[in-house]
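Asker: Next up is a structure, given as structure tokens.
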Amino acid sequence: MSETVPGYRRPGLLTQPPYNAPDYGSTRLRHPQQELLRLPHTLTETSAPRFSPQRYPARADLTVQADGSAAMGERIIVAGRVLDEDGRPVRNTMVEVWQANAAGRYNHPGDDHDAPLDPNFQGMGRVFTDAEGWYRFVTIRPGAYPWRNHKDAWRPNHIHYSVFGAGFAQRMITQMYFPGDPLLALDPIFHATPDEAARNRLISKFDLELTQPEWALGYRFDIVLRGREATPMEDNH
Amino acid sequence: MPAPTPEAAPMQGLVASAHQTAGPYWHLVDFPEWADTTRHFAGNLPPGERIVLTGRVTDGSGAPVADAMVEIWHADPKGEYPDPNGPAEEFQGYGRCATKADGSFRFVTLKPGPVPLGDRARANSRQAPHVALAIFARGLLQHLCTRLYFEGEALNETDPVLGAVPPERRGTLVARQVEPGTWNLDLRLQGEGETVWMAV
Ligand SMILES: [Fe+2]
């Protein structure tokens, strides 16, 4: 079957986590056992939904409620660019984020960690990239939290990201980590990606340029989505 | 004449970021109304058939996957996708739905038309009507992708993706009409009757 439109490049060796990761217990009954069918990219994969800020209002400051009440914890600024593998900015794309509060607790009925909820922190944000692919939001530095994967399992501090891109084949969900976190070395989700450089690109960088004096420290986190194939490719599948 | 907007010089050698699991608390970005793609078009829906898509997601032990995010993406009833430069208010076949305790999901949308194959050698050929499905969940380090097709469509016989699936597994991709306008496709992550998952 031939590719029918210029598709997206396939992931490089070991730069993506596998479905079957024995150290991450929840993959045991959820990973496919059959080989995946390689899908040629068609218009379905190279087109994507569009989210207008009118219908999907932005929420770029997670630290302040509508009534002005402030969340507890260390305020931080997180910003970066969404690019494709050719370095082109992914413009006007929606970036969703969610996270635990400063105490390591999610505002979620399924989270029973014995840490306080913060009535002034929901932990959900939504921003859009500009013409250069830049996004920016203000939040609280999330706390670590225990999970039951193994003895003394604690997730490193992280912010969940959901990004759409310009083709549904670029759709991705990932996590942003923080530099210097001692829990990273022990985390099977972070370590599921075999390639060390690929893993380390999920760690944000402390950035004085983004820091706002006497107000909040800044962290830089860029996201790279798949690039387009130059020409339609033939394959034998 | 205004100067053309300068294109930022492409940087070579970037590698796509690694995916990570959505985890069990992704519902902070669950908006149940997103499961109805027709919600913005009370009286002026584009012509087409309004349908319900249902299914259940189960794991390798047959247990319901109760914490998954299911997303759909499909063409409009004419088989067209929104113009990236057109108005953002036109119909879009994008939906998101959280699975319930029994692993079930339910979307309301418009039945997609046949999408052009885009293959120059076969300029008039069309793909069978289909819906791209993406499953995100705890235990999925990347989302799982597949397609939903509709039972009884003549184009199913010539669809290149369905044709690449071994006949004995093709049924895992074909939704059945369980009542008029309601199509059901159950999704099995692993084991007997495993859905044909796709490397997209
Ligand atoms: Fe998390």
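The values are calculated or read from the model by the stated rules, or taken from the named source; none is laboratory data. Small disclaimer: the values here were computed from a predicted structure and weren't measured. Virtual Cβ from ideal backbone geometry, glycine too; neighbours counted across all protein chains shown.
Asker: Output the number of the condition that A:Gly133 fails; it satisfies all remaining conditions of (1) within 16 Å of the ligand (Cβ to nearest atom); (2) touching a Leu at 6+ places or on another chain (Cβ under 6 Å).
Answerer: Unmet condition: (1).
Asker: While we're on this one: Are any residues in the range B:29-62 among the aliphatic types (A, V, I, L, M) and surrounded by fewer than 15 Cβ atoms within 10 Å (Cβ to Cβ), and if so, which ones?
Answerer: B:Ala42, B:Leu45
Asker: Report yes if B:Trp26 is within 11 Å of chain A (Cβ to nearest Cβ), at pLDDT 95 or above, buried (at least 22 other Cβ atoms within 10 Å of the Cβ) and closer than 24 Å to B:Gly171 by Cβ, otherwise no.
Answerer: In short, no.
Asker: I'd like to check something: does the range A:42-65 contain any residue that is within 16 Å of the ligand (Cβ to nearest atom) and either assigned to a loop (DSSP other than H, G, I, E, B) or not polar (S, T, N, Q) (or both)?
Answerer: yes
Asker: Being acidic (Asp, Glu), closer than 26 Å to A:Asp187 by Cβ and out of contact with any Cys (no Cβ under 8 Å at 6 or more places or on another chain) narrows it down to one of A:Asp84, A:Asp118, so name that one.
Answerer: A:Asp118
Asker: Considering every residue within the range A:30-52, establish whether at least one is within 14 Å of chain B (Cβ to nearest Cβ), farther than 24 Å from B:Ala35 by Cα, within 19 Å of the chain's Cα centre (by Cα) and of a type in the set (A, V, I, L, M, F, W, C).
Answerer: So far as the range A:30-52 goes, no, none of its residues is within 14 Å of chain B (Cβ to nearest Cβ), farther than 24 Å from B:Ala35 by Cα, within 19 Å of the chain's Cα centre (by Cα) and of a type in the set (A, V, I, L, M, F, W, C).
Asker: Moving to a separate point now. Taking the range A:146-182 only, how many residues are away from the ligand (no atom under 12 Å from the Cβ), in contact with a Lys or Arg (Cβ under 7 Å, 6 or more places away or on another chain) and more than 8 Å from every other protein chain (Cβ to nearest Cβ)?
Answerer: Result for the range A:146-182: 4.
Asker: Return the only residue of A:Glu74, A:Glu85 being buried (at least 19 other Cβ atoms within 10 Å of the Cβ) and either within 22 Å of A:Gly227 (Cβ to Cβ) or among the charged types (D, E, K, R) (or both).
Answerer: After ruling out the rest, the residue left standing is A:Glu85.
Asker: May I pose another question? Just wondering, is there one or more residues in the range A:198-206 that are away from chain B (no Cβ under 13 Å), part of a strand (DSSP E or B), more than 13 Å from the ligand (Cβ to nearest atom) and of a type in the set (A, V, I, L, M, F, W, C)?
Answerer: Among the residues of the range A:198-206, at least one is away from chain B (no Cβ under 13 Å), part of a strand (DSSP E or B), more than 13 Å from the ligand (Cβ to nearest atom) and of a type in the set (A, V, I, L, M, F, W, C), which makes the answer yes.
Asker: From B:Ala154, B:Ala134, B:Ala101, grab the single residue that is within 11 Å of chain A (Cβ to nearest Cβ) and of a type outside the set (Phe, Trp, Tyr).
Answerer: B:Ala134
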